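A short worksheet on the structure shown next.
The values are calculated or read from the model by the stated rules, or taken from the named source; none is laboratory data. Quick caveat: nothing in here was measured; it's all calculated off a predicted structure. Cβ: placed from backbone, ideal geometry, glycine included. Neighbour counts: every protein chain shown.
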Amino acid sequence: MKDGIHPTYFVTEVSCSCGNKFTTRCTKKELRVDICSACHPFFTGKLKYIDTAGRIEKFQNKFAAGTYNSVQKPAEKTKKKLPAPTAET
């Protein structure tokens, strides 16, 4: 390995928004995360919605109102009637 090209590693304490803390090595001295293995649904087996800025309600309201384009049925097309031909001499 070449000297002087690699970043400095620190013993870092990672703190999650759920309150869980653990240590690891990283190039930063402190890390804050939203989801960790103690609160992630994959590891806990519990379903948990993390709603930021009301996205879930906005999504549910859009589908409840039926205004989403892929949910709506396409309007039936009507055939245009052509005018009757006139005899011009």
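Here is how the numbers come out for the structure above:
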{"quantity": "Residues that are modelled with pLDDT under 65 and either surrounded by 10 or more Cβ atoms within 10 Å (Cβ to Cβ) or within 28 Å of the chain's Cα centre (by Cα) (or both), drawn from region 60-89", "calculated": "Thr67, Tyr68, Asn69, Ser70, Val71, Gln72, Lys73, Pro74"}
{"quantity": "Failed item in (1) modelled with pLDDT of 85 or more; (2) touching a Cys at 6+ places or on another chain (Cβ under 8 Å), with Cys39 passing the rest", "calculated": "(1)"}
